[in-house]
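Let me begin by presenting the structure, written as structure tokens, before commenting on it.
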Amino acid sequence: MQWETVIGLEIHAQLATHSKIFSGASTAYGAEPNTQACLVSLGYPGVLPVLNREVVVMAARFGMAIGANVSQRSVFARKNYFYPDLPKGYQISQLELPIVEGGHIDIVLEDGTEKRINLTRAHLEEDAGKSMHENMEGQTGIDLNRAGTPLLEIVSEPELSSAKEAVAYMRRIHQLVRYIGISDGNMQEGSFRCDANVSVRPVAQAELGTRAELKNLNSFRFIEKAINLEVERQIELIEDGGKVVQETRLYDSDRDETRSMRSKEEANDYRYFPDPDLLPVVLDDEFLQAARESLPELPQAKAQRFMSEYSLKAADVELLTAARATADYFEAVTAEIDDPKMAANWVSGELSAALNRDNLEIEVSKIDAASLAGLLKRIQDNTISGKIAKDVFAAMWEEGGDADSIIDSKGLKQITDTGALETIVDQVIADNPDQVEQFRAGKEKVLGFLVGQIMKASQGKANPGQVNQILRTKLST
Amino acid sequence: MTRQRQTIAELSRLFQSGAVSSRELTEASLKRIAEHDSELNSFINVTQEEARVAADTADKLLASGKAGPLTGVPMAHKDIFCTRNITTTCGSRMLENFVSPYDATVVARLAEAGMVSVGKTNMDEFAMGSSNETSYFGAVKNPWDQERSPGGSSGGSAAAVAAGLVPMATGTDTGGSVRQPAALCGITGFKPTYGRISRFGMIAYASSLDQAGVLGLTAEDVALVMQAIAGFDARDSTCSAEPVPDYVAGLEASVSGKTIGVPKEYFEAGLDAGYAEAVHSALDVYQQMGADIREVSLPNLSLAVPAYYVVSPAEASSNLSRFDGIRFGHRAEGMTDLESLYKLTRKEGFGDEVKRRIMTGTYVLSAGYYDAYYLKAQKVRQLISNDMARCFEDVDILAGPTTPTPAFRIGEKVDDPIQMYLNDIYTVSVNLAGLPGVSIPCGLVDGLPAGLQLVGPHFAEQNVLNFAHLFQKETDWHLRVPGEGVS
């Protein structure tokens, strides 16, 4: 039988605020356990939540960026369940009236076509703390630093039909939240993670199959693997005459399998009700207008502009607009040197390679846009060749400093003095009589060898264009 | 001091004249507590040393001429308000040894105003009760008749003020917990508009209904205290930014030509005949002052108690989830796993009434029951609110009995929750609508106090206190002292 996969994702994006969603405690990652747990984070008797305005601004920006309806009235609700890392015994979330409803994201499929994925909603909620089982001598430790961290839960419609589509969708959301500055998207630190609802059905069957929910997938690779494993498991199960049960499953990356966490029967009745400690969030037109105006150019619009304004190809633009910081960097360089093609080549070539090698984000690149532009200008004015520029780039990367001082101190300035070049050319012609003979006999290819020898003798500093010209003149006489 | 009960206003004048010091008065209060409270049980914790330090500080302020109208006056806090360095038990075993690391806004503001807290008063466990019998620390006795209940949940505060142990005590009112005990103990109990006083540091029972209040001897004293505690607090999202008027200045306004609405439903079945008579006499007093008395209707009144006992347990079931034995409060011994830690801790830590409301609340919020109970109760709440709002289109204030009967006997209703809940019939609708209300003494029925409840529109605290004050200028019911006649 032919099977079809249906996937919906619930992405949790941690919002990039300095303080928590309902208190002034810091959200900084990596502090000693419970040092960022104020009385609100601890759920102390008598303390009350006070909404951090910034999270509302961020959620509104997200809603606008995906073309969704940003609700002028949304309501926080309590989701009740007991767990040691949930200090109040309830999580403050949104249920019936979320802040963002609808919206869509376009993803590019493997064959290059676009597919529109609709979103159900996005709502604000607080994160729970962390239970720690390691080095606790058989006990469980509770770290409430993360409790109360603001999250935007982004829920898609079940419109993704493969693990690859799920990953493409997640990447788009990841790109977007970083673009609009509402999340750092750091997956290692858990700032961006997702749950996947996965089901299968025979092709052409209208009714959805029973779904399993895969919890806490925190890397693009794991999402793809976990979904594929789950799809295989479900198909195999059904083909063997079994039935998929609605349950929550955990992906174990070490054993490369998904396994059951709890069934629907064991699921909590969360007893949601509107949180009486918080007023409904009412957004007036002025607020919405300000949020709209604070939106930067979005990735797809930027890509379009790069293609038309800089005459770049779609493939080049993809990398340049993947992150806002990369695009800004590129634009800063090209503004200086007035050569989009050259700027694009260097940003997606040498620079990207160096960043990847050192595992750095472009925001903290060892060579900033102005410095790179300074280097590229030296290619443009023939001070150095493109090849030497790569060496200068490497030196700038490793040792710091600007292009000019490195060119100077290392004596890398291109030799353009005709007299000096002629001397080298003469020497090479004298040293390679056989090759000269072959060239004169009509073997054009030998010219490359001779040029190479000249460049070598000049330690790469000879201007290749001039060398070619002088060599040809001399060989033809 | 020959008189046992003195108002804040009187004490303030004594301080100004130098006739008495805060320290002397505080010692007198502590002495009366020592003499009488072993019987009354109105205090859970008497904080002598802290009180003496605060009194001495107040005396310095009084000497330097920087004192305000509340400086140096002894008082007590209901043990639901978090107090730094002093236990806050909420009347529960769960918090028997709980020490809050911070002061509630109400506590901080009254300390700032120079008041001297002598301790924390007894209360129904987590404010769930109308008789003070659900306290882990034992029932409080009514100073008028120690066989009887002082009401609840602020029963300790009411009894302490009635017995002259302190001139004022704080309370909280979720369904009548300030007004009902004030009525049963023959004192003045005021609950302002929801949102008028910060709930920060007030341990939550039902967040959408909880409101701090004041139990004192007169409306004038209430006005003085309200001036210090009312107003915006950024730590409570539901606290109003509405400006706070001068409550004392508004006390003397004439009520001539103003209209009092009397809900006819208040006088239907269930109201004690003698009590009804006391209320009618009180209305006559207003009529003599030139107020117009008019009958009004609250058609949904009979739904108030059922709606209240759905909404409040629902919120309570969630609010009390944080008491899980993990971070603070009671933790049971002998747990074998996480689930047994929760179960044993909550089984031991909570009393029956709290468990009853947690179970009720959990039930009404459960999948499949939410619409039939919680959602319907919220709709009823809106209807009751609308009824009240409609009345205020025609009248300035509503008046009626605070409770159906005077103080009942301890043990009389404790085994019959429905009977106990019906004691709240006149008070809960005021919380459901979030309105300001006061109970003032308006007579004696078989030697026991009866209360007149006055209710105003949102943020009409000034109006309510004005009506109460003028009544107290004309009558002496608020001066009656348990067993001794007029003080």
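Readers should treat all values here as calculations from the given coordinates under stated rules, not as data from a laboratory. Model, not experiment: these values are computed from the prediction. Neighbour counts run over all protein chains shown; Cβ positions are idealised from the backbone, glycine included.
Observations, loosely collected:
- By the count of neighbouring beta-carbon atoms within 10 Å, fewest first, A:256, B:236 end up ordered A:256, B:236.
- Take every DSSP beta bridge whose two residues both sit in chain B; close to 70 percent of them are antiparallel.
- In the stretch A:164-225, GluC sites (Glu not before Pro) in a DSSP loop with at most 14 other beta-carbon atoms within 10 Å: A:189, A:207
- Inter-centroid distance (Cα atoms) of the stretch A:372-437 relative to the stretch B:26-44, Å: 97 Å
- Of interest is the spacing of the C-alpha centroids, which for the stretch B:344-396 and the stretch A:1-36 amounts to 33 Å.
- Alpha-carbon Debye profile of the stretch A:25-127, log10 I(q)/I(0) at 0.14, 0.16, 0.22 Å⁻¹: -0.71, -0.85, -1.16
- Cross-link table A:313/A:366; A:215/B:355; A:79/A:215, entries beyond 29 Å C-alpha to C-alpha: A:215/B:355
- Counting only residues at least eight positions apart within a chain, or on another chain, the aspartates and glutamates with an alpha carbon under 20 Å from that of residue B:347 are B:96, B:124, B:125, B:133, B:315, B:324, B:333, B:337, B:339, B:415.
- Beta bridges by DSSP in the stretch A:3-289, antiparallel share as percent, to the nearest 5: 95 percent
- Label point 7 Å beyond Cα of residue A:264 along Cβ direction - residues of the stretch A:3-34 with amide nitrogen under 20 Å: A:4-10
- Lysines whose Cα lies under 20 Å from that of residue B:473, excluding same-chain neighbours fewer than 8 positions away: B:258
- Alpha-carbon Debye profile of the stretch A:319-436, log10 I(q)/I(0) at 0.10, 0.17, 0.20 Å⁻¹: -0.38, -0.81, -1.03
- Contact order for chain A, expressed relative to its length and based on alpha carbon pairs under 8 Å spaced 6+ residues apart, stands at 14 percent.
- Per principal axis, descending, Cα span of the stretch B:432-476 in whole Å: 35, 25, 6
- Tensor-based shape of the stretch A:418-476 (alpha-carbon gyration tensor, a/c under 1.5 rounded, otherwise prolate or oblate): prolate
- Once exposed loop trypsin sites (Lys or Arg not before Pro) are cut out (DSSP; at most 15 other Cβ, 10 Å), longest piece of chain B: B:67-487
- For the stretch B:1-133, the square roots a ≥ b ≥ c of the C-alpha gyration tensor eigenvalues yield an a/c of 1.5 or more together with a/b exceeding b/c, which makes the shape prolate.
- For the pair the stretch A:112-183 and the stretch B:150-213, the centres of their Cα atoms are 45 angstrom apart.
- Shape category assigned to chain A from the gyration tensor of Cα positions, a/c cut at 1.5: prolate
- Partners for residue A:445 among lysines (Cα-Cα distance below 24 Å; same-chain residues under 8 apart left out): A:387, A:456, A:461, A:474
- In order along the stretch B:41-51, the Karplus-derived 3J(HN,Hα) couplings, from 6.51 cos²θ - 1.76 cosθ + 1.60 at θ = phi - 60°, round to 6, 7, 10, 8, 8, 9, 9, 4, 5, 4, 5 Hz, and Gly and Pro are given as x.
- Rounded to the nearest whole angstrom, the semi-axes of the ellipsoid equivalent to the protein assembly as shown, taken from the Cα gyration tensor as √(5λ), stand at 75, 32, 25, largest first.
- Chain B pair-distance distribution - Cα-Cα, 20 Å bins, rounded %: 26, 60, 14, 0
- Rounded to 5, the percent of DSSP beta bridges in the protein assembly as shown classed as antiparallel: 85 percent
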